[in-house]
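The values are calculated or read from the model by the stated rules, or taken from the named source; none is laboratory data. From a predicted model like this one, the values you see are computed outputs, not experimental measurements. Quick reminder, even Gly has a Cβ in these numbers, built from the backbone with ideal geometry, and neighbours come from all protein chains shown. Heavy atoms of the whole protein, side chains included, go into the accessibility calculation; ligands, DNA and RNA do not. Shrake-Rupley method; radii C 1.70, N 1.55, O 1.52, S 1.80 Å.
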Amino acid sequence: MEAFKTHTGIVAPLDRVNVDTDAIIPKQFLKKIDKKGFGKHLFHELRYTDYEGTKENPDFVLNQDTYRKASVLLTRDNFGCGSSREHAPWALEDFGFRVIIAPSFADIFFNNCVKNGILLVQLKSKEVDELFEYVKKNKGAQVTADLPSQTVTAGSKKYSFAINDFNKECLLKGLDSIGWSLQFSDKIATYETKIQSERPWLVRK
């Protein structure tokens, strides 16, 4: 996956709480196992007024010209709740989102996003309120998320966020779970050789 260090992008405000993974990517679009192609179905029932997805809802933020190329999503509490489908971050990433800012996230969704190179920034509710107000007054505004310094900058305001060391390192290096394990391929090979010689009965023929 792509490494994350800093990102500057247009902020799309999604002023909703408890946005679940079925709202992010509805169940009828979970038939593929390839990560690509889900972006067109992102927030399907909010973006479109018909089942087929041919008639846009003009009131939905991502259908407004200003936000069609947004890469930062600003939202509310408990974003990503519901089922654990990894298709949710796939859809967000495929649409173009690199950063999501909210007061809180569902745990499984949070971990799935880290594994797919999306930075989730958890700020205090008051700080998120300030950002919503900033975006409202400055339509099409951009923010910068800086992972090394763990800050988000919006205009003259700068906010700090916490992230655990392991997730930070994985994002900075662009490593998912498999990529992280492959860093230790030499040690794994050494261990397998040792097991083959010391405990051959454990080795599948």
Inset, instruction - Filter segment 35-45 down to residues that are of a type outside the set (A, V, I, L, M, F, W, C) and within 18 Å of Cys113 (Cβ to Cβ), then give me how many there are. - result: 4
Legend entry - Condition met for Lys55 (open to solvent by 70 Å² or more (accessible area, probe 1.4 Å) and touching a residue at least 24 places away in the same chain (Cβ under 8 Å)): no
Inset, instruction - Would you please name the residue that is surrounded by the most Cβ atoms within 10 Å (Cβ to Cβ), looking only at residues in segment 128-146 that are over 18 Å from the mean Cα position of the chain (by Cα) and not in a helix (DSSP H, G or I)? - result: Ala141
Legend entry - Selected residue (only one of Asp65, Asp15, Asp34 is among the charged types (D, E, K, R), surrounded by fewer than 13 Cβ atoms within 10 Å (Cβ to Cβ) and more than 18 Å from the chain's Cα centre (by Cα)): Asp65
Legend entry - Filter pass, Ile33 being touching a Ser or Thr at 6+ places or on another chain (Cβ under 9 Å), of a type in the set (Val, Ile, Thr) and either at pLDDT 95 or above or assigned to a loop (DSSP other than H, G, I, E, B) (or both): no
Inset, instruction - Take segment 46-67 and flag every residue that is over 23 Å from Asn138 (Cβ atoms), part of a loop (DSSP other than H, G, I, E, B) and not aromatic (Phe, Trp, Tyr). - result: Thr49, Asp50, Glu52, Gly53, Thr54, Lys55, Asn57
Inset, instruction - State whether the residues of segment 81-102 include one that is under 23 Å from Leu30 (Cα atoms), open to solvent by 40 Å² or more (accessible area, probe 1.4 Å) and hydroxyl-bearing (Ser, Thr, Tyr). - result: yes
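What residue, of Ala70, Ala23, Ala88, Ala12, is assigned to a strand (DSSP E or B) and among the small types (Gly, Ala, Ser)? Step through it out loud before you land on a result.
Values: Ala70 fails: assigned to a strand (DSSP E or B); Ala23 fails: assigned to a strand (DSSP E or B); Ala88 fails: assigned to a strand (DSSP E or B).
Sole residue among the options that is assigned to a strand (DSSP E or B) and among the small types (Gly, Ala, Ser): Ala12.
Is it true that Phe29 is closer than 21 Å to Ile100 by Cα, open to solvent by less than 90 Å² (accessible area, probe 1.4 Å) and of a type outside the set (Gly, Ala, Ser)?
Here the answer is no, as Phe29 does not meet what is asked.
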Legend entry - Verdict on Asn112 being open to solvent by less than 50 Å² (accessible area, probe 1.4 Å), within 24 Å of Gly39 (Cβ to Cβ) and assigned to a helix (DSSP H, G or I): yes
